[in-house]
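Asker: Pasting a structure below so you can have a look.
The values are calculated or read from the model by the stated rules, or taken from the named source; none is laboratory data. Since the structure is predicted, the reported quantities are computational estimates derived from the model, not experimental observations. Counting neighbours? That spans all protein chains shown, and the Cβs are built from the backbone with ideal geometry, glycine included. Heads up: the accessible areas ignore ligands, DNA and RNA and are worked out on the full protein's heavy atoms, side chains in. Shrake-Rupley method; radii C 1.70, N 1.55, O 1.52, S 1.80 Å.
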Amino acid sequence: MEISALTRSVVKKSHALISPDGYINSVVPGWTGCTVNVIINEQMGARFCQTIVSLQKGGALAGKTLQSQLFFYVVSGKISATVAGAAKGMSAGHYVYIPAGSEYRLDNPADGTQLLSFHKVYEQLEGANKPALLFGNAADIPANEYLGDAALRLQVLLPDVLAFDMAVNIFTYDPGGHLPLVETHIMEHGLLYLQGQGVYRLDQDWYPIKKGDCIWMAPYCQQWFTAMGKEPAVYIYYKNVNRFPTIV
Ligand code: UGY
Ligand code: MN
């Protein structure tokens with residue numbers, strides 16, 4: 001019997017686990033024919049925003065980024081994107097990086113299309129040009145062995161150059177694969193589980209995790225993960241990069 005007073009979701013000062021059982025929809029002006037779940041944002045202490053959007057047929061996401069850059073990843077389904085006059089059909093695994101100050105419109109979705117978005121205020125770096133609009137497909141990105149362990153593979157979706165102040169990566173763990181250390185770092189994370197399951201350590205707590213779950217990790221939230229089950233565990237995650245330390 002399911003008990004409605006229970007949830008796997010947890011919100012703490014240094015981290016949050018948001019499982020789909022607790023979703024309550026938000027309205028975003030300009031985003032129509034869709035349900036939007038704001039998973040992570042400033043209200044919980046984060047310095048970026050992460051949403052999950054599910055579109056009905058005829059739905060559309062239209063707007064203009066102001067100070068924030070915007071990243072969309074197609075989790076499932078398909079949709080058309082037009083950004084600053086450039087148009088592209090996108091299906092599962094495709095993504096678009098929309099620079100700050102750009103008009104965008106995503107429309108004509110297949111019914112049930114699911115998108116993940118990350119939003120971050122862009123921090124200009126003296127001497128570096130603002131990154132340009134970028135369309136990509138995760139299937140074209142090499143999966144590199146992580147820290148010498150063939151059970152762990154990392155795909156880096158955005159160019160690894162100083163102009164970018166955010167990274168979005170896909171991390172794949174074979175069953176039994178695990179992070180080689182408990183990471184303790186200034187960078188923040190937001191992630192979505194795309195496949196599989198495992199156990200995440202966040203500070204001194206341990207959480208069973210599966211496909212569809214999202215996690216926020218504040219700066220210095222200690223983190224470790226191991227994959228369980230019969231299939232690889234895969235998550236896509238955000239990380240702020242290239243602007244530390246702030247005082248030199
Ligand atoms: O890039 C990272 O910091 C990554 N290894 N962290 C994580 O997966 N929790
Ligand atoms: Mn990390």
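Asker: Over all distinct alpha-carbon pairs, what is the Kirkwood Rh of the chain in angstrom?
Answerer: On the way: mean 1/r = 0.0536 Å⁻¹.
The answer is 18.7 Å.
Asker: Hey, another quick one. So what J values fall out for region 222-234 if you push phi through Karplus, 6.51 cos²θ - 1.76 cosθ + 1.60 with θ = phi - 60°, rounded to Hz, Gly and Pro as x?
Answerer: So the J values, rounded to whole Hz, are 6, 9, 7, 9, 10, 8, 10, x, 9, 10, x, 9, 10.
Asker: Could you sort 144-150, 78-84 so that the peptide with the highest average Cβ count within 10 Å comes first and the rest follow in order? Don't skip to the answer; put the middle values down first.
Answerer: Details: 144-150: 11.1, 78-84: 17.9.
Result, highest mean first: 78-84, 144-150.
Asker: Given LYS13/LYS211; LYS12/LYS64; LYS64/LYS210; LYS130/LYS210, which pairs have Cα atoms separated by over 28 Å? All intermediate terms of the calculation are to be shown ahead of the outcome.
Answerer: Working: LYS13/LYS211 24 Å; LYS12/LYS64 32 Å; LYS64/LYS210 34 Å; LYS130/LYS210 36 Å.
Pairs exceeding 28 Å: LYS12/LYS64; LYS64/LYS210; LYS130/LYS210.
Asker: Another one. So, in nm, how far is label ARG8 from label TYR220 when the simple model puts each one 7 Å beyond its Cα toward the Cβ?
Answerer: Inter-label distance under the simple model: 3.0 nm.
Asker: Return the whole-Å distance between the Cα centroid of region 182-238 and the Cα centroid of region 1-41.
Answerer: If you average the Cα positions of each part, the centres end up 17 Å apart.
Asker: Here's another thing I want to ask about it. Shape of region 126-248 from its Cα gyration tensor (a ≥ b ≥ c, root eigenvalues): rounded if a/c is under 1.5, otherwise prolate when a/b > b/c, or oblate?
Answerer: Working: a/c = 2.03, a/b = 1.38, b/c = 1.47.
Since a/c reaches 1.5 but b/c is at least a/b, the shape of region 126-248 is classed as oblate.
Asker: Report, to the nearest whole %, how much of the accessible area of region 111-248 belongs to carbon and sulfur atoms, 1.4 Å probe, protein only. Don't skip to the end; give the middle numbers.
Answerer: Values: 3510 of 6390 Å².
Looking at region 111-248 in its full context, I get 55 percent from C and S.
Asker: Still on this structure, please answer the following. How would you rank 191-200, 65-74, highest first, on the average number of other Cβ atoms within 10 Å across their residues? Intermediate results must be reported in sequence, preceding the final value.
Answerer: Details: 191-200: 20.5, 65-74: 18.9.
So the order, starting with the most tightly packed, is 191-200, 65-74.
Asker: Relative contact order (percent) for region 37-168, with alpha-carbon contacts under 8 angstrom and 6 or more residues of separation?
Answerer: Details: 299 pairs, mean separation 33.5, N = 132.
That works out to 25 percent.
Asker: Determine, from the Cβ-Cβ distance of VAL156 and ALA87 and an R0 of 25 Å, the FRET efficiency 1/(1 + (r/R0)^6), rounded to the nearest 0.05. Could the numbers behind the result be given before it?
Answerer: On the way: r = 26 Å, r/R0 = 1.02.
Efficiency, from the Cβ-Cβ distance: 0.45.
Asker: Could you give me the ³J(HN,Hα) list for region 135-151, computed from phi with Karplus coefficients 6.51, -1.76, 1.60 and θ = phi - 60°, whole Hz, x at Gly and Pro?
Answerer: 9, x, 9, 4, 5, 8, 9, x, 9, 8, 3, 9, 6, x, 10, 5, 7
Asker: So between TRP206 and MET228, what do we pick up on full extension, going 0.36 nm a residue minus the alpha carbon distance?
Answerer: On the way: separation 22, 0.36 × 22 = 7.92 nm, distance 1.37 nm.
Contour length minus Cα-Cα distance gives 6.5 nm.
Asker: Continuing with this model, one more query. According to a simple spin-label model (label point 7 Å from Cα along Cα-to-Cβ), what is the distance in nm between ASN108 and VAL248?
Answerer: It is 4.6 nm.
Asker: I would also like to ask the following. Starting from the Cα of SER68, step 7 Å along the direction of its Cβ; do the same at SER26; then give the gap between the two resulting points in nm.
Answerer: So the label points at SER68 and SER26 sit 0.7 nm apart.
Asker: Now for a different question. Show me the three semi-axes of the equivalent ellipsoid for region 193-248, from the C-alpha gyration tensor (sqrt of 5 times each eigenvalue), largest first, rounded to whole Å. Walk me through the numbers on the way to the answer.
Answerer: Details: eigenvalues 134, 36, 14 Å².
Taking √(5λ) for each Cα gyration eigenvalue gives 26, 13, 8 Å.
Asker: Could you please put LEU154, LEU106, LEU133, LEU181 in sequence from largest to smallest accessible area, using a 1.4 Å probe?
Answerer: Values: LEU154 25, LEU106 0, LEU133 55, LEU181 85 Å².
Result of the area sort, largest leading: LEU181, LEU133, LEU154, LEU106.
Asker: By average Cβ neighbour count within 10 Å, what is the ranking of 217-223, 5-11, 99-105, 163-169 from highest down? Each step should come with its number before you reach the end.
Answerer: Details: 217-223: 18.6, 5-11: 11.6, 99-105: 16.3, 163-169: 20.1.
Packing order, densest peptide first, comes out as 163-169, 217-223, 99-105, 5-11.
Asker: For all pairs of alpha-carbon atoms in region 9-128, what percent lies in each bin of width 5 Å, listed from the first bin to the last filled one?
Answerer: With 5 Å bins starting at 0, P(r) equals 2, 11, 19, 24, 19, 13, 8, 3, 1, 0.
Asker: On to the next question. List the residues, sorted by chain then number, that are 5 or more residues from LEU202 or on another chain and whose placed amide H is less than 5 Å from its amide H.
Answerer: Residues meeting the amide H criterion: TYR207.
Asker: First check a/c for region 1-52, with a ≥ b ≥ c the square roots of the eigenvalues of its C-alpha gyration tensor; if it is under 1.5, answer rounded, and if not, answer prolate when a/b is larger than b/c or oblate otherwise. Please list the in-between numbers first.
Answerer: On the way: a/c = 3.30, a/b = 1.21, b/c = 2.73.
Oblate, since a/c reaches 1.5 and b/c is not below a/b.
Asker: For region 87-132 and region 61-85, write down the distance between their C-alpha centroids in whole Å.
Answerer: Using only Cα atoms, the two centres lie 4 Å from each other.
Asker: Obtain the radius of gyration and the Kirkwood radius of region 94-152 from its C-alpha atoms and give Rg over Rh.
Answerer: Details: Rg = 16.0 Å, Rh = 15.1 Å.
A ratio of 1.06.
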